[in-house]
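The values are calculated or read from the model by the stated rules, or taken from the named source; none is laboratory data. This structure is a prediction, so every number in the text was calculated from the model and none was measured. Positions of Cβ are generated from backbone atoms using ideal geometry, with glycine treated the same way; all protein chains shown enter the neighbour counts.
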Amino acid sequence: MPNTFQSVSQICNISLTDVYTCPSTNSAGNVTASIVTLCQAANVTNRADVLTVLWTDASNGNAVTRLVYQVPVPAQQAIGCLTGKLVLKPGDKLRAQCGIFNAIELSVSVLETS
């Protein structure tokens, strides 16, 4: 059962942006699951912004579950968007949106397992 750690960074935009998608299979062709262990957002501007981070469930018609919704992110501050771990199945996505173009940088740590 191979495990692979991944680090993902994404700059948020005012339109909903894909941050991470759980792959269907790994390099060996095995079905994967991904465990999101960290999701942190840093506001890199001098203005406060708001952030929405959500999960789309591919096995449930891409149903949306918001992890944080329009949460304030103070200027030059960082917040955690996930208080525990989140398990993603193949095709599931972690997506984000902020109110100011390029104001928030997301850092995500994921353990991909099969």
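Of everything in region 45-89 that's hydroxyl-bearing (Ser, Thr, Tyr) and within 13 Å of Ile104 (Cα to Cα), which residue is surrounded by the most Cβ atoms within 10 Å (Cβ to Cβ)? So the residue we want is Thr52.
Can you name every residue in region 35-55 that is under 15 Å from the mean Cα position of the chain (by Cα) and touching a residue at least 60 places away in the same chain (Cβ under 8 Å)?
If we filter region 35-55 for residues that are under 15 Å from the mean Cα position of the chain (by Cα), which is where we start, we get 35-42, 51-55.
If the condition is that a residue be under 15 Å from the mean Cα position of the chain (by Cα) and touching a residue at least 60 places away in the same chain (Cβ under 8 Å), then Ile35, Val36, Thr37, Leu38, Cys39, Gln40, Ala41, Ala42 are the ones that fit.
For region 18-34, the set of residues classified as assigned to a loop (DSSP other than H, G, I, E, B), within 15 Å of Val87 (Cα to Cα) and modelled with pLDDT under 80 is empty.
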